[in-house]
Amino acid sequence: MSFDYREVFIEELEEQLQLMDDEIMKLEQSDSEEVVQSLFRAAHTLKGSSAAMGFEEMKQLTHRMEQLLDQVRSRQRPVTAQLIDLLFLALDNLKLLKEDILRNDPSSTDISLCIEKLQTFAENSEVSRPTAASASDPGESGIAKLRLTMSDRLKVQQIQERGQHVFWVRVSIASDCLIKGARAYVIHSKMLEWGEVLLASPDLENLDESNEFSEITLLYGGTQSSEELSVLVSGLTDVESVNVEPIHPEETTLSQQPPAASEKSAGEEVQQTAKIKSQTIRVSVERLDHLMNLVGELVIDQTRIHQVERTQRRRVSDESVNELGHISDHLSRIIGDLQESVMKARMLPIEQLFNRFPRMIRDLSRDLGKEIDLVIEGQDTELDRTLIEEIADPLIHLIRNAIDHGIEGPDKRADAGKNRTGTLVIRAAHEDNQVVIYVQDDGAGIDPEKIKASAIKKGLVTPEEAEQFSEREAIELIFRPGFSTAAVVSDVSGRGVGMDIVRSNIEKLNGMIDIETKLGEGTCFKIKLPLTLAIIAGLQVKLQKQTLIIPMSNIAEIVRVTSGEIEIVRGQSVILLRNRVIPVVDIHDQFKADRTQQSRIPLVIVGSAEKRLALVVDELIGNQEIVIKSLGSYIGKVEGIAGATILGDGSVALILEISALFNRISGK
Amino acid sequence: MKATEQEQYVEFGIENEQYAIQIHDIHEIIKMQEITQIPNVKPYVKGVINLRGKIVPVLSLRSLFEIEEKAYTKTTRIVVVHHREDTVGIIVDRVSKVTTFTDIQPPPDRVGGISGNFFVGIGLSGSGLVGILRLDEVLLHD
């Protein structure tokens with residue numbers, strides 16, 4: 001099996017599964033024909049492609065789903081809670097199968113139970129089956145009619161206006177014919193020579209080997225009478241019998257057909273999405289990464305050209321230098337645009353991630369007996385693809401926590417005079433070249449006293465230490481490893497690892513996390529992330545001669561203080577900034593730099609996750625876009641260094657890893 | 001070990017000793033450059049340089065062989081080797097020539113106070129004995 005096909009298949013699979021997830025949710029809310037149709041299509045598509053890839057179990061499962069959905073589509077089966085649950089069950093099993101495929105470990109998931117459930121359900125309350133799906137039922141009288149869409153009806157009318165006839169034609173193919181699919185196709189194309197074929201069932205364009213059928217039903221329009229057509233078709237090879245019936249006028253009425261109208265819009269939508277799709281191509285992330293690297297090189301070279309131009313200008317001033325200046329300016333504009341475009345190509349709307357939440361929250365709130373309104377905002381906010389992947393786990397943890405610990409049960413909310421239904425807001429937005437994600441609930445809020453008590457009980461802090469904590473410091477205890485506030489450990493959250501993982505993941509991405517909470521009113525987590533990981537805005541600072549770079553996303557503010565303002569508390573130098581005690585860190589020794597004596601010392605206040613510290617530097621140079629390069633596998637991961645970049649003058653500057661600075665303090 | 005006349009080596013030196021690396025392991029030889037120091041790394045890793053837009057770590061052979069460090073001179077060179085997936089610069093006092101060996105002997109346990117593990121063998125050339133470096137060991141030394 002070709003590897004490329006596998007990847008394409010997996011991408012399609014993921015797309016379709018996400019689509020199903022969304023649509024089943026929608027179906028639960030309102031029983032719309034459009035939604036059923038789209039679900040049916042998704043199941044059908046997956047059935048086809050999984051069969052082609054040889055994933056037998058997935059094929060069976062999607063086949064059952066398709067069958068069930070077909071019954072819904074043809075109005076033989078109402079949309080019930082049981083049906084929704086069953087569809088979700090099937091979807092979850094499909095996801096498991098997907099995981100198996102990703103792991104290259106087919107067959108580790110047992111779906112037989114799920115298939116059995118689907119089957120029993122489909123058979124039990126089975127009503128009469130008058131649609132195309134049952135066209136092969138022997139002994140049924142008349143021709144199974146397919147549903148006509150608005151455009152089909154229009155076409156039928158047009159044909160009839162031309163004085164031609166429209167017929168339903170049912171062709172039985174000889175049972176000993178080995179290649180029924182091909183035969184059906186031949187019949188179809190023959191009929192196209194005689195007239196028009198408006199509809200065909202099974203869909204001849206999407207035939208695959210798994211389709212078992214012995215008949216095809218076609219809607220045909222042409223000049224022939226029904227007898228003539230009968231004779232014509234019977235003359236074809238492998239045709240056992242032919243049944244021709246004129247179309248019923250009722251089937252073609254344009255008005256008084258509300259379901260048809262909605263179907264039409266569904267049809268139009270499909271056409272539209274098809275159009276949009278044809279204008280995009282899939283590109284592997286690897287290629288985009290390569291492109292990004294090349295642009296990074298250009299950015300560096302451009303800064304160098306600019307520097308050369310400046311030094312030349314100081315030395316000589318003639319036409320050629322001016323010319324160089326113009327070229328350099330133009331080049332930097334183009335490179336800037338190029339960089340932006342490449343970056344945009346790597347960006348995806350955060351919708352990709354947010355789409356997973358409605359389902360998750362539905363299940364969670366159901367399990368926990370809570371009523372929750374989910375509000376998602378800013379889902380079209382774009383950020384780097386890798387970031388979307390990395391931020392998924394932390395966000396899921398936060399959401400779980402909000403539902404499990406944050407939002408109270410309905411009765412408790414009613415007692416507190418709040419709406420029984422809690423609200424969870426997940427919002428993304430761009431704020432000064434960063435992405436900010438909020439997870440906000442209107443739950444009970446975090447009680448600093450409870451947190452302290454719990455931390456003491458778990459031995460994370462001593463009662464004396466806890467006594468000294470400010471409210472904020474107490475709340476920040478939830479980020480300590482091994483902390484969990486739930487009295488009862490549920491399987492939803494409260495494993496005591498959640499918030500710890502949240503923090504470390506966000507730190508890894510050069511991000512920050514802030515909590516705002518008010519007892520009884522709710523909690524808001526605010527996550528700030530850089531737009532991309534490859535090129536960052538950085539502040540250049542100097543430690544004596546060495547230039548260092550601090551990622552802008554880590555910088556909270558810059559202050560200058562006199563040496564008198566730096567105090568020493570319990571062996572740690574600190575400054576007091578707006579009533580917040582911030583530890584001061586000096587890395588001169590680490591970089592073998594001598595300290596310079598200054599009357600006002602520049603301090604860069606940096607943050608990693610919810611923590612802040614003040615870094616002593618000698619000089620502030622300014623900010624610049626920089627391309628992050630790794631130090632290579634030979635040097636490997638260096639504590640405190642996130643990577644390096646090449647500056648305009650060609651020298652290498654190291655990028656500080658801010659989270660490591662915090663480890664230094666806590667390690668003391 | 002048999003003499004391999006067709007194989008060429010680049011011969012270079014620190015102090016009075018001569019060392020060599022197979023020519024096909026060598027990416028290029030450059031003059032001394034400004035090195036950006038990196039904290040918290042092994043002492044013989046001097047830092048990184050910018051090699052035409054690529055960040056390349058450099059190590060000091062003197063430091064690795066525990067020979068006293070000396071100020072860099074006009075003859076100091078960085079021998080940039082490409083080994084496995086890594087590109088690494090090795091600082092040497094001077095680069096002498098491209099040479100071949102008439103004979104290569106297995107290395108003794110210690111070569112002038114340096115562990116024999118660092119060498120593939122001792123080559124015999126017109127200018128005397130030359131320690132042929134085992135890059136695996138030089139680059140992955142702990």
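Pairs from the table (A:458/A:508; A:528/B:54; A:592/B:42; A:542/A:592; A:370/A:418; A:508/A:528) lying more than 20 angstrom apart at Cα are A:458/A:508; A:528/B:54. Between A and B, roughly 1700 Å² of accessible area is buried in total, ligands, DNA and RNA not counted and the probe set to 1.4 Å.
Helix A:356-368 and the longest principal axis of the Cα set of chain A meet at an angle near 90°.
If Lys and Arg each add +1 and Asp and Glu each add -1, what is the summed charge of the other residues whose beta carbon sits under 14 Å from the beta carbon of residue A:602?
Residues close to residue A:602 contribute a combined charge of -1.
Over the stretch A:285-345, what portion of Cα pair distances is larger than 16 Å, expressed as a whole percent? Provide the component values of the computation, followed by the final result.
Details: 905 of 1830 pairs.
Taking all Cα-Cα pairs of the stretch A:285-345, the fraction more than 16 Å apart is 49 percent.
With R₀ set to 25 Å, the beta-carbon distance separating residue A:110 from residue A:282 gives a calculated FRET efficiency near 0.15. For the pair residue A:598 and residue A:294, the difference between a 0.36 nm per residue extended length and the Cα-Cα distance amounts to 105.3 nm. Counts of other chain beta carbons within 10 angstrom of each beta carbon in peptide A:583-592 average 1. Here the relative contact order of chain A, from alpha carbon pairs under 8 Å that lie six or more residues apart, stands at 8 percent.
Comparing each chain alone with all protein chains together (probe 1.4 Å, DNA, RNA and ligands left out), the residues of the stretch B:5-50 losing at least 40 Å² of accessible area are B:36, B:37, B:38, B:39, B:40, B:50. The alpha carbons of the protein assembly as shown stretch over 107, 82, 65 Å along the principal axes, in descending order. The long axis of helix A:448-457 is offset from the longest Cα principal axis of chain A by roughly 80 degrees.
Pairs spanning more than 32 Å between alpha-carbon atoms, out of A:98/A:155; A:629/B:74; A:545/B:70; A:452/A:637: A:98/A:155; A:452/A:637.
Per-residue packing, averaged as other Cβ atoms within 10 Å, sorts the ranges A:646-655, A:585-594 into the order A:646-655, A:585-594, beginning with the highest. In terms of the mean number of neighbouring beta-carbon atoms within 10 Å, the peptides A:416-428, A:455-467, A:77-89 order highest first as A:416-428, A:77-89, A:455-467.
For the stretch A:1-103, a/c is not less than 1.5, where a ≥ b ≥ c are the root eigenvalues of the C-alpha gyration tensor, and a/b tops b/c. That puts it in the prolate class.
For chain A, the solvent-accessible area with a 1.4 angstrom probe is 51 square angstrom per residue. Modelled label positions at residue B:73 and residue A:649, each set 7 Å beyond Cα in the direction of Cβ, lie 2.8 nm from each other. With r defined as the distance between the Cβ atoms of residue A:245 and residue A:178 and R0 fixed at 25 Å, what FRET efficiency is calculated, to the nearest 0.05? That gives a FRET efficiency of 0.30. Each label point was placed 7 Å from the Cα along the Cα-to-Cβ direction; for residue A:5 and residue A:431 their separation is 5.0 nm. Note on residue A:453/residue A:308: beta-carbon distance plugged into 1/(1 + (r/R0)^6) with R0 of 41 Å gives a FRET efficiency of 0.05.
Helix A:56-73 and the longest principal axis of the C-alpha atoms of chain A enclose an angle of approximately 70°.
Hey, any idea what % of chain A's accessible area is carbon plus sulfur with a 1.4 Å probe? Walk me through the intermediate numbers first.
Details: 16770 of 33960 Å².
Accessible surface attributable to carbon and sulfur in chain A totals 49 percent.
Of all beta bridges that DSSP places with both ends in the stretch B:9-140, some 90 percent have antiparallel geometry. Measuring nothing but alpha carbons in the stretch A:536-611 and taking Rh as the Kirkwood radius, the Rg to Rh ratio lands at 0.95. When only Cα pairs below 8 angstrom with a gap of at least 6 residues are kept, the stretch A:535-667 shows a relative contact order of 30 percent. Taken along the Cα-to-beta-carbon direction at a fixed 7 Å, the label points for residue A:189 and residue A:162 span 2.2 nm.
The values are calculated or read from the model by the stated rules, or taken from the named source; none is laboratory data. Predicted model only: the values in this text are computed from it and were never measured. All Cβ positions, even for glycine, are placed from backbone atoms using ideal geometry, and neighbour counts span all protein chains on display. Side chains are part of the model used for accessible areas, which takes the heavy atoms of the whole protein and leaves out ligands, DNA and RNA. Shrake-Rupley method; radii C 1.70, N 1.55, O 1.52, S 1.80 Å.
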